[in-house]
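Q: After the structure tokens below, expect a handful of questions from me.
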Amino acid sequence: MKKRAMHRRVDGETKVEKLVITGGRPLRGSVRVSGGKNSSLATITAACLARDVSVLENVPHCRDVLVLKEILETLGARIELKHGRMKIDARPLYATSAPYDLCRRMRASFYTAGLLLGRMRRAEVPLPGGCVIGARPVDFHLRGFAALGADVTTEHGFVRAEAKRLVGTNFFVPRSSVGTTINLMIAASLAEGTTVLENAAREPEVVDTAVLLNLMGAHIKGAGTDAISIDGVEELHGASYTIIPDRLEAGSYLIAAVATGGDVLVEHTIPEHIGALLTKFEESGAAVERDPDGVRVRAAGSLKAVDVDTAPYPGFATDLHPPFAALMSVAEGRSVIRETVFESRFGYVDELKRMSADIRVEGDAAVINGIPKLTGAPVEALDLRAGAAVVVAALAAQGTSEITAVENIDRGYEDLETKLTALGADVKRVETTEPPQAQQRAG
Ligand code: UD1
């Protein structure tokens, strides 16, 4: 992805970018997914625990990663990102307070709390706040820091955590939480004694972070199960590590392939990471081929509607709910997608309705009656994955769609239009002078 200013003022007018997609072309060919965005956010922060240099490979050049880079640079780290290789020199990191203006843009900025508490024994980090997909509090993180012996207070929109000594503890994560598990693993790696996280999240991003920390000299066992034990060490050293492929990006391209009646090989992905999605494809009648380095899907004939409940890993990923709903909008029959992780992940619904989708929200579920064809329309990418939903819908629709608030999509999809164009899609990024319709939302 090239560096872009999303909203620029030129000659008194605000320039904004849009994606213009003319749908109806089946996607065909192969696409290589980038490194995991969520994994990168966790591992880059974890690498800063060492007063040393680390090198991460397969880091995607997307906005969230660039924002995190800036946050860590503000704290004193020196970071370079070139062609997916990130060199992180965390020796000069000195600050204990993270900047509000950058942190408010991204929830994963709260990983700096675990980093600073672990490394400096003191952290002052802005509350990430709620966002468009739900309240997303950080109460579990704070309870975990307190259990490690930190004095934790929240004042004037900042969390302050301080500890003379961080001491290992048993902590039951109240509800499967990726962010809490990662933040506590980061802080506990430099605590005294053993921390056991019960009911820990099992997501591949948790495992990736633990693998990197262990390469840095940490003693973490059990990542990938719901009981993780962390034997604290006095210091960590630098390491080199290649980040896992982005399972959510992979899932998004596969969904787009099926929605357009296409035939696509998504390369450099780990099929087990998207097992629940692949099973749903099979139930709905798409052909799925798994191989060690990729997944091919073919949508032959019409697709049957299927029901989905989102769930923590290895269940159906909540981030794939919006694009999957776009797919179900053109399936045969009625589909119910129940959201169990985030309470307000339905922002995409009104956007899909603009494209003629027959979809409504009932409690915690989207109820979708499939129709033969969506129609192109002006729509907005309300958040990152709602953005994926409108892209999938636009690719499958008859006619042209104009997608605004593209900056939300750019948070997590590297080179989106290049990759889609290579698969035969008609997609262009254009600059217009319309006023921005949406503020960027934390996610
Ligand atoms: C991460 C992912 C996000 C994904 C989500 C669930 C990153 C950067 N983001 O978000 O893409 O959708 O996992 O797989 O990796 N909760 C609390 N209190 C807390 C923490 C969480 O109530 O202190 C709740 C949340 O509101 C949510 C649930 O727990 O309802 C799970 O959230 P969590 O797994 O923590 O999500 P994130 O780590 O924020």
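The values are calculated or read from the model by the stated rules, or taken from the named source; none is laboratory data. All of these numbers come straight from a predicted model, not from anything done at the bench. So basically every Cβ, Gly included, is an ideal-geometry build from the backbone, and we count neighbours across all protein chains shown. Heavy atoms of the whole protein, side chains included, go into the accessibility calculation; ligands, DNA and RNA do not. Shrake-Rupley method; radii C 1.70, N 1.55, O 1.52, S 1.80 Å.
Q: If the cut-off is a Cα-Cα distance under 18 Å, which lysines reach LYS18, setting aside same-chain residues fewer than 8 apart in sequence?
A: Straight-distance partners of LYS18: LYS2, LYS3, LYS419, LYS428.
Q: Let me ask something else about it. Under 27 Å between alpha carbons, and skipping anything fewer than 8 positions from LYS221 in its own chain: which lysines qualify?
A: Straight-line reach from LYS221, under 27 Å: LYS37, LYS87, LYS164.
Q: Follow-up question, since we're still on this one. Per residue, what volume in Å³ does the convex hull of the Cα atoms of the range 241-374 enclose? Write down the numbers at each step before the final one.
A: Details: hull volume 13.2 nm³, N = 134.
Expressed per residue, the convex hull around the Cα atoms of the range 241-374 is 98 Å³.
Q: Sticking with this one: In terms of the Cα gyration tensor, with a ≥ b ≥ c the square roots of its eigenvalues, is the range 64-108 rounded because a/c is under 1.5, prolate because a/b exceeds b/c, or oblate? Please list the in-between numbers first.
A: Details: a/c = 3.08, a/b = 1.19, b/c = 2.59.
Oblate, because a/c is 1.5 or more while a/b does not exceed b/c.
Q: Beta carbons within 10 angstrom, averaged per residue: use that to sort the peptides 259-272, 80-93, highest first.
A: Values: 259-272: 21.2, 80-93: 16.8.
Result, highest mean first: 259-272, 80-93.
Q: I would also like to ask the following. Quick check of the Kirkwood formula: for the range 37-242, what is the inverse mean of 1/r over all pairs of different Cα atoms, in Å?
A: On the way: mean 1/r = 0.0612 Å⁻¹.
When all Cα pairs of the range 37-242 are included, the Kirkwood radius is 16.3 Å.
Q: Here is a further query. Pull out a ≥ b ≥ c, the square roots of the eigenvalues of the alpha-carbon gyration tensor of the range 333-425, then state rounded if a/c is under 1.5, prolate if not and a/b is larger than b/c, and oblate in the remaining case.
A: oblate
Q: Please report, in whole Å³, the volume per residue of the convex hull around the C-alpha atoms of the range 194-316. Write down the numbers at each step before the final one.
A: Working: hull volume 11.7 nm³, N = 123.
Here the figure is 95 Å³ per residue.
Q: For the chain, just the Cα set please: Rg and Dmax, both in angstrom.
A: Values for the chain (Cα only, Rg and Dmax): 21.4, 64 Å.
Q: What are the semi-axes of the equivalent ellipsoid for the range 319-362, taken as the square roots of 5 times the Cα gyration tensor eigenvalues, largest first, in whole Å?
A: Details: eigenvalues 52, 29, 17 Å².
With the √(5λ) rule applied to the range 319-362, the semi-axes are 16, 12, 9 Å.
Q: When only C-alpha pairs under 8 Å and at least 6 residues apart count, what is the relative contact order of the range 37-242, in percent? Don't skip to the answer; put the middle values down first.
A: On the way: 486 pairs, mean separation 43.9, N = 206.
Dividing the mean separation by the residue count of the range 37-242 yields 21 percent.
Q: Sticking with this structure for a sec: Ignoring any ligand, DNA or RNA, what whole percent of the accessible area of the chain comes from carbon and sulfur when the probe is 1.4 angstrom?
A: Numbers: 8010 of 16700 Å².
Carbon and sulfur together cover 48 percent of it.
Q: For LYS353, which lysines qualify as cross-link partners when the Cα separation must be under 19 Å and same-chain residues fewer than eight apart are set aside?
A: Output for LYS353: LYS373.
Q: Here's another thing I want to ask about it. Using the charge dipole of the chain (Lys, Arg: +1 at Cβ; Asp, Glu: -1 at Cβ; taken about the Cα centre), state which of LEU166, PRO271, LEU423 has its Cα farthest towards the positive end.
A: LEU423
Q: At 1.4 Å probe radius, can you tell me the per residue accessible area of the chain in Å²? All intermediate terms of the calculation are to be shown ahead of the outcome.
A: Details: 16700 Å² over 443 residues.
Per residue, the chain has 38 Å² of solvent-accessible surface.
Q: Express the relative contact order of the chain as a whole percentage, based on alpha carbon pairs under 8 Å and six or more residues apart in sequence. Present the calculation step by step, with values, prior to reporting the outcome.
A: Working: 1154 pairs, mean separation 94.9, N = 443.
Reported as a whole number, the value is 21 percent.
Q: Let me ask you something else. Using the Cα centre of the range 37-242 as origin and beta-carbon charges of +1 (Lys, Arg) and -1 (Asp, Glu), tell me which of GLY232, VAL65, GLY114 is placed farthest towards the positive end of the dipole.
A: Comparing the listed Cα positions along the dipole, VAL65 ranks first.
Q: According to the Cα gyration tensor, what semi-axes, each the square root of 5 times an eigenvalue, does the equivalent ellipsoid of the range 131-241 have, listed from largest to smallest in whole Å?
A: Numbers: eigenvalues 92, 62, 35 Å².
That gives 21, 18, 13 Å for the three semi-axes.
Q: Among DSSP beta bridges whose residues both lie in the chain, state the antiparallel percentage, nearest 5.
A: On the way: 63 of 85 bridges.
Taking every DSSP beta bridge with both residues in the chain, the antiparallel ones total about 75 percent.
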